[in-house]
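**Q** I'd like to ask you about the structure that follows.
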Amino acid sequence: MDSYSLAAIVVIGLASNLDNAGVGIAYGVRKIRIPWYSNLTISFISFLATLLSGLFGSWMSAWIQPWIGQMIGTVVIVGVGIWVLLQPYFEKKPAQQDNDAGALTRLLRNPEEADKDSSQSISLGESILLGIALAMNALAGGFNAGITRLSIWGTSLSVGLFSFILLAFCAGFGKKFAAEKFGNRATIISGVLLILIGLHQLF
């Protein structure tokens with residue numbers, strides 16, 4: 001594995017999980033606990049989502065020319081990066097539809113909604129819904145790894161590891177000032193990193 005591939009795997013793992021940092025800080029501020037087994041469940045869902053989308057991307061790469069796969073991977077990951085950057089503006093629209101995608105997006109912006117029973121702790125069942133919401137960005141990273149022939153397992157492990165670390169660390173670090181300031185910045189940083197990865201693949 002060359003240095004670029006390793007760097008790309010690490011950056012994809014980080015960019016796919018910056019929402020975890022914002023969610024962790026928000027939970028820390030509200031004193032909502034994330035037990036290790038709930039955090040492990042969330043990280044496993046991100047790992048699994050990355051692996052499955054990576055395998056799909058790898059399957060596609062076997063049927064197309066390498067340069068086409070490179071182009072598709074670039075379009076997908078840059079597109080997701082742009083969507084991540086524009087997401088806060090879409091959420092400001094008053095007439096947002098109450099569909100599944102909207103519900104998952106709302107959960108990321110108001111993570112306390114995952115605590116359905118108001119127990120101040122994320123149970124194993126509640127962590128599954130939160131894990132699915134947090135794994136959305138991981139799908140693009142996994143697909144990009146598969147279709148551009150990066151290590152799928154390496155990318156999946158990177159995403160799962162960063163998911164666990166960022167959520168645990170930022171939940172402990174949570175302060176109101178940090179939550180307000182870092183939440184929006186995490187979205188911007190995540191989107192920019194994904195776009196940079198995609199654009200770098202063209203050169």
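Residue-wise test of (1) farther than 16 Å from LEU134 by Cα; (2) open to solvent by less than 50 Å² (accessible area, probe 1.4 Å); (3) modelled with pLDDT under 85; (4) among the acidic types (Asp, Glu).
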{"site": "LEU6", "(1), (2), (3), (4)": "yes, no, no, no"}
{"site": "VAL10", "(1), (2), (3), (4)": "yes, no, no, no"}
{"site": "SER16", "(1), (2), (3), (4)": "no, yes, yes, no"}
{"site": "ALA21", "(1), (2), (3), (4)": "no, yes, yes, no"}
{"site": "GLY28", "(1), (2), (3), (4)": "yes, yes, yes, no"}
{"site": "ILE32", "(1), (2), (3), (4)": "yes, yes, yes, no"}
{"site": "THR41", "(1), (2), (3), (4)": "no, yes, no, no"}
{"site": "PHE47", "(1), (2), (3), (4)": "no, yes, no, no"}
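**Q** Going by what's in this entry, would LEU108 be described as within 15 Å of the chain's Cα centre (by Cα) and at pLDDT below 80? If you could, list the steps in order and put the result at the bottom.
**A** On the way: within 15 Å of the chain's Cα centre (by Cα): yes; at pLDDT below 80: yes.
Taking the combined requirement at face value, the residue satisfies it.
**Q** Can you find a residue in segment 162-178 that is open to solvent by less than 30 Å² (accessible area, probe 1.4 Å) and at pLDDT below 75?
**A** Yes, segment 162-178 has at least one match.
**Q** Test of understanding: among GLY198, GLY146, which residue is touching a Ser or Thr at 6+ places or on another chain (Cβ under 6 Å), at pLDDT below 80 and over 18 Å from SER43 (Cβ atoms)?
**A** Working: GLY146 fails: at pLDDT below 80.
Just one listed residue meets the conditions, GLY198.
**Q** Under 8 Å between Cβ atoms, which residue pairs at least 6 apart in sequence (or on different chains) link something in segment 147-161 that is closer than 15 Å to MET136 by Cα with a partner that is modelled with pLDDT under 95 and outside any helix (DSSP H, G or I)?
**A** Cβ pairs passing all conditions: VAL159/SER16; VAL159/ASN17.
**Q** Scanning for something crowded, with 23+ Cβ neighbours inside 10 Å and either at pLDDT 85 or above or farther than 22 Å from MET136 by Cβ (or both), does segment 56-66 turn up at least one residue?
**A** Filtering segment 56-66 for residues crowded, with 23+ Cβ neighbours inside 10 Å gives 57.
Narrowing the set further to residues that are either at pLDDT 85 or above or farther than 22 Å from MET136 by Cβ (or both) leaves 57.
So far as segment 56-66 goes, yes, one or more of its residues are crowded, with 23+ Cβ neighbours inside 10 Å and either at pLDDT 85 or above or farther than 22 Å from MET136 by Cβ (or both).
The values are calculated or read from the model by the stated rules, or taken from the named source; none is laboratory data. Quick caveat: nothing in here was measured; it's all calculated off a predicted structure. Note that each Cβ is placed from the backbone with ideal geometry, even for glycine, and that neighbours are counted across all protein chains shown. SASA here: full protein model, heavy atoms, side chains in, ligands and nucleic acids out. Shrake-Rupley method; radii C 1.70, N 1.55, O 1.52, S 1.80 Å.
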